[in-house]
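Working notes for the structure below.
The values are calculated or read from the model by the stated rules, or taken from the named source; none is laboratory data. Keep in mind that what you see is a predicted model, and the values were worked out from it rather than measured. Cβ coordinates were reconstructed from backbone atoms using ideal geometry, including for glycine residues, and neighbour counts include every protein chain displayed.
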Amino acid sequence: MQTVPVTRQHLLGSVIAVPPLARHADLSLNREANRAIFRHIEAGGVTSFLYGGNANFYHIRLSEFGAALDLLAEEAGENSLVIPSVGPCYGTMMDQVPVLKEHAFPTVMVLPMQGVLTDDGVATGFRHFVEAFGRPSVLYLKDEGYLRPATAAKLVRDGLVSFIKYAIVREDPARDAYLTELLALIGGDLVVSGIGEQPAIVHVRDFGLTGYTSGCVCIAPDLSRRMLLAIQSGAWGEAEVIREIFRPLEDLRNSIHPIRVLHEAVSLAGIADTGELLPLMSRVAESDRAPIAAAAKTLLASGTRVLS
């Protein structure tokens with residue numbers, strides 16, 4: 001596992017995979033399945049991993065947090081960057097600091113809280129956490145009501161942010177006043193698109209973001225990596241072709257639930273048995289499994305073919 005501070009080169013060098021965290025039926029961590037997920041993604045040339053919403057770190061027990069960090073650190077490849085998450089509650093993230101400091105993760109992501117917050121309060125909580133942790137951390141912007149662009153920019157200027165995961169969903173990603181205002185303040189060097197392959201081309205080409213995170217990269221890592229390379233080289237036609245290949249599974253994630261569908265897709269594609277979802281989440285309905293399996297297996301097969 002890489003332990004050096006995260007730089008822009010890390011964001012340029014790999015799609016950032018956002019995998020599920022595999023568990024047994026009794027909700028205990030499944031080391032073998034999580035190892036298989038690492039090996040599958042790494043075999044496709046992807047070396048950055050972010051364990052956040054798809055891994056349901058929102059609801060992880062503090063008593064299990066250390067074991068989860070141990071598993072990730074021990075099973076990741078030597079050259080892989082691994083980023084776990086904390087929070088989203090202030091008390092939880094602060095209590096997680098002593099456990100984190102026993103590990104060498106170069107950064108972590110602060111999960112966004114919803115509802116019970118204020119702009120200044122979020123900034124203060126993020127600042128307290130980073131100061132206690134002692135390392136810049138990932139700021140996850142998922143909702144306009146979470147932080148104003150100017151507040152996020154001040155956290156960046158104060159050296160508290162390793163990078164920003166930008167994941168505010170728009171009907172048209174090309175029309176985004178919030179993102180435009182944010183980038184006018186800090187530029188795009190430390191901002192990555194955080195909503196998978198679908199808006200990634202627009203975010204990188206039109207707004208100047210540095211890279212992107214992906215859940216479906218867990219199914220077809222080589223294909224997602226080729227899309228990143230196509231974007232970086234300006235091969236927009238190739239990038240669009242690849243983006244469309246990801247669309248069927250992404251459409252299912254959007255229509256059912258992004259976390260629950262990806263959790264099931266990794267299993268149904270035969271990559272690893274992801275098992276049960278940690279409450280307060282639950283698995284998809286039985287009627288949804290067949291279309292998820294079809295889309296996941298088609299995507300997996302597409303990733304093994306060379307595009308003409």
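List of remarks:
- Residue within the stretch 38-53 that is more than 21 Å from residue 213 (Cα to Cα) and either charged (D, E, K, R) or without any contact (Cβ under 8 Å) to a residue 40 or more places away in the chain (or both) present: no
- Figure legend. Inter-residue proximity from the stretch 190-208: first residues touching a residue at least 12 places away in the same chain (Cβ under 8 Å), second residues in a loop (DSSP other than H, G, I, E, B) and surrounded by 22 or more Cβ atoms within 10 Å (Cβ to Cβ), beta-carbon distance below 7 Å, spacing 6+ or different chains. Indicated pairs: 191/209; 192/209; 193/199; 193/209; 196/215; 203/209.
- Residues considered: 64, 74. Of these, the only one that is outside any loop (DSSP other than H, G, I, E, B), charged (D, E, K, R) and in contact with a strand residue (DSSP E or B) (Cβ under 9 Å, 6 or more places away or on another chain) is 64.
- Residue 67 vs. criteria surrounded by fewer than 20 Cβ atoms within 10 Å (Cβ to Cβ), among the small types (Gly, Ala, Ser) and either under 23 Å from residue 141 (Cβ atoms) or in contact with a Leu (Cβ under 8 Å, 6 or more places away or on another chain) (or both): yes
- Residue check for residue 51: within 26 Å of residue 227 (Cβ to Cβ), within 16 Å of the chain's Cα centre (by Cα) and surrounded by 15 or more Cβ atoms within 10 Å (Cβ to Cβ): yes
- In the stretch 1-37, the residues that are under 15 Å from residue 192 (Cβ atoms) and either touching a Gly at 6+ places or on another chain (Cβ under 8 Å) or touching a residue at least 24 places away in the same chain (Cβ under 8 Å) (or both): 6, 8, 10, 11, 12, 13, 14, 15, 16, 17, 18
- Test: residue in the stretch 115-122 that is charged (D, E, K, R), out of contact with any helix residue (DSSP H, G or I) (no Cβ under 6 Å at 6 or more places or on another chain) and farther than 24 Å from residue 7 by Cα: yes
- Filter result for residue 219 (within 27 Å of residue 6 (Cα to Cα) and either at pLDDT below 95 or of a type in the set (A, V, I, L, M, F, W, C) (or both)): yes
- Every pair of residues 6+ apart whose Cβ atoms lie under 8 Å, when the first sits in the stretch 146-169 and is of a type in the set (S, T, N, Q) while the second is buried (at least 16 other Cβ atoms within 10 Å of the Cβ) and part of a helix (DSSP H, G or I): 151/122; 151/123
- Test: residue in the stretch 171-191 that is aliphatic (A, V, I, L, M), over 30 Å from residue 237 (Cα atoms) and at pLDDT 95 or above: yes
- For the stretch 158-200, the set of residues classified as basic (Lys, Arg) and under 25 Å from residue 125 (Cβ atoms) consists of 165 only.
- In the stretch 11-37, the residue that is surrounded by the fewest Cβ atoms within 10 Å (Cβ to Cβ) out of those that are over 17 Å from residue 213 (Cα atoms) and small (Gly, Ala, Ser) is 25.
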